Amino acid sequence: MVLGLLTLAFAGLAAAFLTDSWGYPAPRPQIPLVDKALLDPATVRRSYRDLIKAKEDLSDFDCYGCHEKGHPPPLRYDENHKLIVPTEHSDVVMGHGTHGRNNNCFNCHNENNLTTLQPRDGRELRLEDSTELCGSCHGPTYRDWDSGAHGRINGYWNTKLGPAVKKDCVNCHNPHSPRFPGRKPLPGPHPLRAPGVSEPTAETTSH
Ligand code: HEC
Ligand code: HEC
Ligand code: HEC
Ligand code: HEC
């Protein structure tokens, strides 16, 4: 008797499922996959070192293609003692420090050999060694960078597989206006339920 009733009940349920008596829940909206741009491991800027490696156009760096050797270009200022950047260098937008205190070109470029950099201690550095230049004024940040707490290390943890490369300061900061540009925030987590379906509230779950 009991078995007979159970068999009937299950057969009824099977029929109900087969004929889809309850209908399907509304399909969940597709959640888009992660924006591919967020997975790009490249830094925000390509340095002179990167451009050499990629064999790209280096004409901006060919200082003596326009300047004359032995004649350092004169620095010109407006009446508020603000540096005037000539139109030939319109890609150089100065804004280093809150009050433009480090806007003098020759704080960094060597006026007697434009193709090199010159920190205040008088060393001459190649353009691709600009991190040493930054370190000459930003000592604490340079120490953090050297120990791996500031900036980024690319490559391998296991040095047997390949080198670990510390990205240069200029891979992230434009030397002329070094404030780090803002970035798009990452998307929030996927919701547990499709939007529109009410979530259990603290009221109903706490009892
Ligand atoms: C396309 C040509 C061109 C190239 C390449 C070029 N310069 Fe210049 N630069 C100029 C001109 C033109 C001026 C304005 C000269 C003047 O006022 O007498 C100038 C001015 C300057 C000044 C003075 C800026 C000021 O605010 O008064 C500096 C410093 C300078 N250049 C550095 C460099 C360095 C360093 C390089 C290489 C990394 C370089 N230039 C490459 C054309 C060029
Ligand atoms: C001659 C010294 C000097 C050199 C060289 C130098 N800086 Fe600076 N930097 C300063 C000063 C001064 C400030 C302004 C600090 C302030 O306003 O409190 C500054 C500010 C900054 C800031 C903070 C953002 C801002 O604009 O206030 C960053 C980032 C920075 N520098 C990065 C660099 C990088 C990268 C290099 C190498 C390409 C570099 N600096 C080379 C002197 C220097
Ligand atoms: C804080 C140091 C610093 C100051 C100040 C500075 N530069 Fe530079 N500049 C650099 C570094 C470092 C590079 C090479 C960056 C790289 O590897 O991408 C560079 C690159 C350049 C280049 C070649 C690339 C380009 O963007 O065209 C020119 C031209 C140039 N600087 C001109 C100037 C002029 C003109 C001034 C003054 C108005 C100036 N710089 C002030 C550090 C500085
Ligand atoms: C991988 C990218 C990256 C590299 C490489 C990097 N920085 Fe930064 N730096 C940042 C970011 C991001 C900030 C934070 C910007 C903010 O909070 O607005 C920052 C902030 C700074 C500041 C602002 C003051 C502070 O400490 O908060 C200075 C100065 C600075 N960096 C200098 C340097 C110097 C010098 C180097 C090279 C020795 C370097 N950075 C290398 C990404 C980098």
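Any read-out appearing in this document is the output of simple, stated calculations on the displayed coordinates, not a laboratory observation. If you're wondering where the values come from, they're calculated on a predicted model, not measured in any experiment. Glycine also receives a Cβ, built like all others from the backbone with ideal geometry; neighbour counts cover every protein chain displayed.
Which ³J(HN,Hα) values, rounded to whole Hz and listed in residue order, are derived for region 52-64 from phi using the Karplus coefficients 6.51, -1.76 and 1.60 in 6.51 cos²θ - 1.76 cosθ + 1.60 with θ = phi - 60°, glycine and proline given as x?
4, 4, 7, 6, 9, 4, 10, 4, 4, 9, 8, 4, 7
Counting only pairs 8 or more places apart or on different chains, how many lysine pairs in the chain have C-alpha atoms closer than 20 Å? Each step should come with its number before you reach the end.
On the way: Lys36/Lys184; Lys53/Lys166; Lys53/Lys167; Lys55/Lys167.
Eligible lysine pairs with Cα atoms under 20 Å apart amount to 4.
May I ask you to evaluate 6.51 cos²θ - 1.76 cosθ + 1.60, the Karplus curve with θ = phi - 60°, for each residue of region 5-17 and list the ³J(HN,Hα) values in order in whole Hz, giving x for glycine and proline?
5, 4, 4, 4, 4, 5, 4, x, 4, 4, 5, 4, 5
Let me check against my output: what whole-number percent is the relative contact order of region 107-149, with C-alpha pairs under 8 Å and at least 6 apart?
Details: 39 pairs, mean separation 10.4, N = 43.
It rounds to 24 percent for region 107-149.
Taking every Cα atom in the chain, find the radius of gyration and the maximum pairwise distance Dmax, and write them in Å.
Both quantities, over Cα of the chain: 31.2, 111 Å.
Roughly how many nanometres apart are two label points built 7 Å out from the Cα toward the Cβ at Thr116 and Ala42?
3.2 nm
Determine the calculated [θ] at 222 nm for the chain from helices alone, applying -39500 (n - 2.57) to every DSSP H run no shorter than 4 residues and normalising by the residue count; nearest 500 deg cm²/dmol. Numbers along the way, then the final one.
Details: 5 runs with 44 residues, N = 207.
Value at 222 nm, helices only: -6000 deg cm²/dmol.
What is the dipole size for region 37-171, taken about its Cα centre, with +1 at each Lys and Arg Cβ and -1 at each Asp and Glu Cβ, in debye to the nearest 20?
On the way: 17 positive and 20 negative charges, 111 e Å.
Approximately 540 debye in magnitude.
Using a 7 Å offset from the Cα along the Cα-to-Cβ direction at both Val2 and Trp22, what is the distance between the two label points in nm, to one decimal?
2.6 nm
Could you list which residues have their amide H under 5 Å from that of His109, counting only those 5 or more apart in sequence or on another chain, with H placed in the peptide plane?
Gln118
Could you sort the peptides 41-53, 107-119 by per-residue average Cβ neighbour count (10 Å cutoff), highest mean leading?
Details: 41-53: 14.2, 107-119: 17.2.
With the highest mean Cβ count within 10 Å placed first, the list reads 107-119, 41-53.
When only C-alpha pairs under 8 Å and at least 6 residues apart count, what is the relative contact order of the chain, in percent?
Details: 152 pairs, mean separation 38.5, N = 207.
The value is 19 percent.
Measure off 7 Å from each Cα along the Cα-to-Cβ vector at Tyr77 and Asp91, then give the distance between these two points in nanometres to one decimal.
Modelled inter-label distance: 2.8 nm.
Convert each backbone phi in region 169-186 into a coupling constant with the Karplus relation 6.51 cos²θ - 1.76 cosθ + 1.60 (shift: θ = phi - 60°), then list the ³J(HN,Hα) values in order as whole Hz, x for Gly and Pro.
Working through the residues one at a time gives 3, 6, 6, 10, 10, 6, x, 7, 9, x, 4, 6, x, x, 10, 5, x, 5 Hz.
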